[in-house]
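A.B. asks: Pasting in a structure now, in structure tokens, and then I'll have a few things to ask.
Read the figures in this text as sums done on the coordinates, not as results from a lab. Since this is a predicted model, take the numbers as computed values, not measurements. Please note: Cβ atoms are built from the backbone with ideal geometry, for glycine as well, and neighbour counts cover all protein chains shown.
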Amino acid sequence: MNWIYSAFAPQLESPIAFWSLLIVRITLFVCVLSAIVYYGIALVGGLAWFADRRRQRALGLHFTPPATIFKPVRGADAEAYENFASFCQQDYPQFQLIFGVREADDPAVPIIQKLIANFPACDIELVISDREWGFNAKVSNLQNCFAQAKQDILLIVDSDIRVQPDYLRRVVAPLQRENVGMVTCLYRGTNARTFASLLENIGISSTFGPEVCSSRLLEGIAFALGSTIVMRREILERIGGFPAIADYLADDFVLGNSTAKLGYEVVLSDCVVDHVSAPDTMATMLKHQLRWGRSTRISRPWGYRGLILTYGTATSLLALLVWNFSGFAWWLLAVTMLVRFLPVFVVGMYGLNDKTLARFFWLVPLRDLITFGVWLASFVGDEIHWRGVNFRVLPDGKLALPP
């Protein structure tokens, strides 16, 4: 017991200073220890996902019902034509591709028209409508496209996603099981052109991917990711259709959560897609992170506060300062970093096959510190700036205009 006392008890004469520093040290130690446990859970969650991927592949790719793919678009993303074209090159017998934009002069319109001309054999439609169904412009876009959907298997895919030719077969395959109501996909960032985009991509595979795997292990998937959402028309209609989620910021989360509440399984697909990075500046990247941080903090306050127990890089470095660079603190930091990189290597590099992360894995601690800084900053203010408009995020996750 002496080593425990000597490690934690500060050498201070003032009782107030002694107990204050002791409490800080114990708190930091609990946070670091919790993060180490969390990293272990993320690692086990990744391994469990690998096992399920093998079971999904055993189902085969012969289940190919006709499908409709919705692509809500606003502006021209980086490499937009190549992203869109990857959906026209699917090894799938029958599918419809619907692009939705709000204005006829949207920069994406000529790109989509070129796509229609270059792939005459594909069933591609362009819907232009600025009708609003709620504060979420993306969901209004989806509802404006919905009337043109011909099929009962529906996919919603973000505009900056690129896929392989077997993508559609792989993400639709789990729906052959009757209890499966939705399929969603993890993604990896690619083609970063700026340092900010590179940091964003590193965060996707090193932090977000393991987070999803740990959540899947602990409580199952009760959400969806905008990279891919696959569902049956009947389930969307039971939820209330797109108008029912038109005021929510996190529309993908609400769709997945509503499907799970109906008693259906939400499956994390074995397929991983590419998110083609925009040439973001550091300011743009931080604003994007802060927007999502504030919205999550407001809609899930206690869960968001609990994230302090997952920020091992930041808390172990703070412990190093609080322990005045003692041998115990260096040992704590070393163990934390060792366990931190296990899910990075297993989930990010191997599971997501992120070659960029394999080259720049040494930037993960920097990315962790930025994430921690954004988490702290998100506790200030309750407004977000999204697509040129200021909104408030209400406690139920809905958007509202500021007073």
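A.B. asks: Using the Cα gyration tensor of segment 201-277, with a ≥ b ≥ c the square roots of its eigenvalues, what is the shape: rounded (a/c below 1.5), prolate (a/b larger than b/c) or oblate (neither)?
C.D. replies: Here segment 201-277 falls in the prolate category.
A.B. asks: So which lysines pass the test for LYS287, namely a Cα distance under 27 Å, with those fewer than 8 places away in the same chain ruled out?
C.D. replies: The qualifying lysines are LYS71, LYS138, LYS355, LYS398.
A.B. asks: When a/c reaches 1.5 or more, the comparison of a/b and b/c decides; with that in mind, is segment 306-403 rounded, prolate or oblate per its Cα gyration tensor? Spell out each step's value before the answer.
C.D. replies: Details: a/c = 3.06, a/b = 1.57, b/c = 1.94.
Note, shape of segment 306-403 comes out oblate.
A.B. asks: So for the chain, averaging the separation of alpha carbon pairs under 8 Å that are six or more residues apart and normalising by length, what relative contact order in percent results?
C.D. replies: 22 percent
A.B. asks: I want to check the label-to-label distance for THR194 and LEU394. Put each point 7 Å from Cα in the C-beta direction and report it in nm to one decimal.
C.D. replies: For THR194 paired with LEU394, the spin-label model returns 3.4 nm.
A.B. asks: Under the definition of Cα pairs under 8 Å and six or more residues apart, what whole-number percent is the relative contact order of segment 62-195?
C.D. replies: 36 percent
A.B. asks: What is the Å³ per residue value for the convex hull set by the Cα atoms of segment 175-330?
C.D. replies: It comes to 155 Å³ per residue, whole-number rounded.
A.B. asks: Okay, next question. Using helices alone, I'd like the mean residue ellipticity at 222 nm for the chain: each DSSP H run of four-plus residues gives -39500 (n - 2.57), total over residue count, nearest 500. Mind showing how you got there, number by number?
C.D. replies: Details: 16 runs with 196 residues, N = 403.
Dividing the helical sum by the residues of the chain leaves -15000 deg cm²/dmol.
A.B. asks: ARG54 to ARG131: extension gain in nm, 0.36 nm per residue of separation minus the Cα-Cα distance?
C.D. replies: Between ARG54 and ARG131, full extension yields 23.4 nm more.
A.B. asks: Which order do ARG238, ARG193 fall in if you start with the one that has the fewest other Cβ atoms within 10 Å?
C.D. replies: Fewest-to-most ranking of ARG238, ARG193: ARG193, ARG238.
A.B. asks: Once you have a ≥ b ≥ c as the square roots of the Cα gyration tensor eigenvalues for segment 118-253, tell me rounded if a/c is under 1.5, and otherwise prolate or oblate according to whether a/b is larger than b/c.
C.D. replies: rounded
A.B. asks: Please check which bits of segment 167-182 a label hung off ALA222 would reach, taking the label as a point 7 Å along Cα-to-C-beta and the cut-off as backbone N under 17 Å.
C.D. replies: 181-182
A.B. asks: Indicate, rounded to the nearest 5 percent, the antiparallel portion of the DSSP beta bridges found entirely in the chain.
C.D. replies: 40 percent
A.B. asks: Using the Cβ atoms and a cut-off under 9 Å, what net charge is assigned to the surroundings of PHE135, where Lys and Arg are +1 and Asp and Glu are -1?
C.D. replies: With Lys, Arg at +1 and Asp, Glu at -1, the neighbours total -1.
A.B. asks: If you stretched the chain out fully between GLU211 and GLN176, how much longer would it get, using 0.36 nm times the residue separation minus the C-alpha to C-alpha distance?
C.D. replies: 9.9 nm
A.B. asks: Then there's this: Grab the beta carbon distance between VAL380 and GLN164, set R0 = 41 Å, and tell me the FRET efficiency rounded to 0.05.
C.D. replies: Working: r = 42 Å, r/R0 = 1.03.
The computed FRET efficiency comes out at 0.45.
A.B. asks: Which loop trypsin sites (Lys or Arg not before Pro) in segment 59-167, with loop taken from DSSP, have no more than 12 other Cβ atoms within 10 angstrom of their Cβ?
C.D. replies: On the way: sites: ARG74, ARG102, LYS114, ARG131, LYS138, LYS150, ARG162; in loops: ARG74, ARG102, ARG131, LYS150.
Hits after loop and neighbour filter: ARG131.
A.B. asks: May I pose another question? More than 14 Å apart: what percent of Cα pairs in segment 162-205 qualify?
C.D. replies: 61 percent
A.B. asks: Turning to a different aspect of this structure: Can you tell me how much longer the chain between ALA117 and HIS62 gets when fully stretched, taken as 0.36 nm per residue apart minus their C-alpha distance, in nm with one decimal?
C.D. replies: Computed gain between ALA117 and HIS62 is 16.8 nm.
A.B. asks: Another one. Could you work out how far apart the two model spin labels at ARG233 and PHE325 are, taking each label as a point 7 Å from the Cα in the direction of the beta carbon, and quote it in nm?
C.D. replies: 6.8 nm
A.B. asks: Next up: Report, in whole Å, the centroid distance computed from the Cα atoms of segment 300-350 and segment 221-249.
C.D. replies: 35 Å
A.B. asks: If you take Rg and Dmax of the Cα atoms in Å from the coordinates, which of [x] 22.9, 82; [y] 23.5, 76; [z] 26.8, 85 do you get?
C.D. replies: [x]
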